[in-house]
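The values are calculated or read from the model by the stated rules, or taken from the named source; none is laboratory data. What you see is a predicted model; the values in this text were computed from it and never measured. Every residue, glycine among them, receives a Cβ derived from its backbone with ideal geometry; neighbour counts consider all protein chains shown.
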Amino acid sequence: MSPTSRLTAQALTLAYEDRVVVDGLDLEIPDGRVTVIVGPNACGKSTLLRALGRLLKPRSGTVLLDGAELARLPGRDIARTIGVLPQSPTPPDGITVADLVARGRQPHQKWWQQWSEADERAVAAALEHTGTADLADRPVDELSGGQRQRVWIAMALAQDTELLLLDEPTTYLDIAHQVEVLDLVRRLNHDRRRTVVAVLHDLNQAARYADHLIAMKAGRVVAQGRPADVVTADLVREVFGLTSVVVSDPVTGSPLVVPGIPWQPAAAD
């Protein structure tokens, strides 16, 4: 494993009861980059992300943070280093944006000092960076999908971690809000040097926003590297079972997957 990778996995096997989802996987997450994990449904990508955030205990193998076994580290120490945004989180009823974002500060608080000026600054900065400061007094359950996702990211940002794990942050959002959220993720990586790992369903969005792409199938890594090196017609066929043509995105130059010939009605006799 590279010494510059703070978060790694070695011989990692993950399972739910008797069903093995990930088997013997080795992985390293590049520091300071946006890594996106893609693959078909039920391939193990969200399960892997949960294990990287210590939300799921490995059956065997290990996840390492700075060379130490994640499972043996104190939970508060992990929460100060790794922020996790699960898929489709649900806010408490009636909670305001400011109160939800403030919950990101809990790992930094002590029993004798529940709130500090540092907490106040961190929450204000998180609201500012995510463009949600004007929503601070609004109930979260009254927000649009895109606004709500930005607020959840603000909470993770207020946690002030150097690694941020996002499980399908664009789920249920329309295309405009998907772009809004992914643009925000890229800005956080660029402006605040956050290492980001995200699970996405959309391969073209993954290729557009990722520095490092990991393609999974049936619990194993099929390919990883720069999107320009990973996303090929052969890879799309192997991982997704889809015939396609890969061209250059006219805006970004990133790989753009165009599916093969669509269904057409049979010609009349």
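Can you tell me which residue within the stretch 133-159, out of those that are surrounded by fewer than 22 Cβ atoms within 10 Å (Cβ to Cβ) and of a type in the set (S, T, N, Q), is farthest from ILE82 (Cα to Cα)?
Looking only at the stretch 133-159, we keep the residues that are surrounded by fewer than 22 Cβ atoms within 10 Å (Cβ to Cβ), and these are 133-134, 136-139, 141-147.
From what is left, the residues that are of a type in the set (S, T, N, Q) are 144, 147.
Working: SER144: 27, GLN147: 23 Å.
This residue is SER144.
Conditions: (1) assigned to a helix (DSSP H, G or I); (2) free of Cβ contacts under 8 Å to residues at least 40 places away in the same chain. LEU188 meets all but one. Number of the miss?
Against the list (1) assigned to a helix (DSSP H, G or I); (2) free of Cβ contacts under 8 Å to residues at least 40 places away in the same chain, LEU188 comes up short only on (2).
If you take the residues in the stretch 196-231 that are over 16 Å from GLU168 (Cα atoms) and touching a Lys or Arg at 6+ places or on another chain (Cβ under 7 Å), which one is surrounded by the most Cβ atoms within 10 Å (Cβ to Cβ)?
Looking at the filtered set, the residue picked out is HIS212.
Results for (1) surrounded by 12 or more Cβ atoms within 10 Å (Cβ to Cβ); (2) at pLDDT 95 or above, shown as yes or no for each residue.
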| residue | (1), (2) |
| --- | --- |
| SER2 | no, no |
| ARG6 | yes, no |
| LEU14 | yes, yes |
| LEU48 | yes, yes |
| LEU52 | yes, yes |
| VAL63 | yes, yes |
| THR81 | yes, no |
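Pairs, please: C-beta under 8 Å, at least 6 apart or cross-chain, first residue at negative phi and in the stretch 137-155, second surrounded by 19 or more Cβ atoms within 10 Å (Cβ to Cβ) and among the basic types (Lys, Arg)?
Partner pairs satisfying both residue conditions: VAL140/ARG148.
Contact list please: Cβ distance under 7 Å, first residue in the stretch 246-269 and over 18 Å from ASP183 (Cα atoms) and part of a loop (DSSP other than H, G, I, E, B), second residue modelled with pLDDT of 90 or more and not β-branched (Val, Ile, Thr), pairs at least six apart or on different chains.
GLY260/SER244
Output the residues belonging to the stretch 120-148 that are assigned to a helix (DSSP H, G or I) and at pLDDT below 90.
HIS129, GLY145, GLY146 - these are the residues of the stretch 120-148 that are assigned to a helix (DSSP H, G or I) and at pLDDT below 90.
So which residues in the stretch 16-44 are among the polar types (S, T, N, Q) and modelled with pLDDT of 95 or more?
THR35, the sole residue that qualifies.
From the list HIS177, HIS201, exactly one residue is over 25 Å from ASP26 (Cα atoms) and either touching a residue at least 12 places away in the same chain (Cβ under 8 Å) or not in a helix (DSSP H, G or I) (or both). Which is it?
Exactly one of HIS177, HIS201 is over 25 Å from ASP26 (Cα atoms) and either touching a residue at least 12 places away in the same chain (Cβ under 8 Å) or not in a helix (DSSP H, G or I) (or both), namely HIS177.
Just checking, how many residues over the stretch 35-55 are among the basic types (Lys, Arg) and either free of Cβ contacts under 8 Å to residues at least 24 places away in the same chain or within 14 Å of ILE214 (Cα to Cα) (or both)?
Qualifying residue count, the stretch 35-55: 1.
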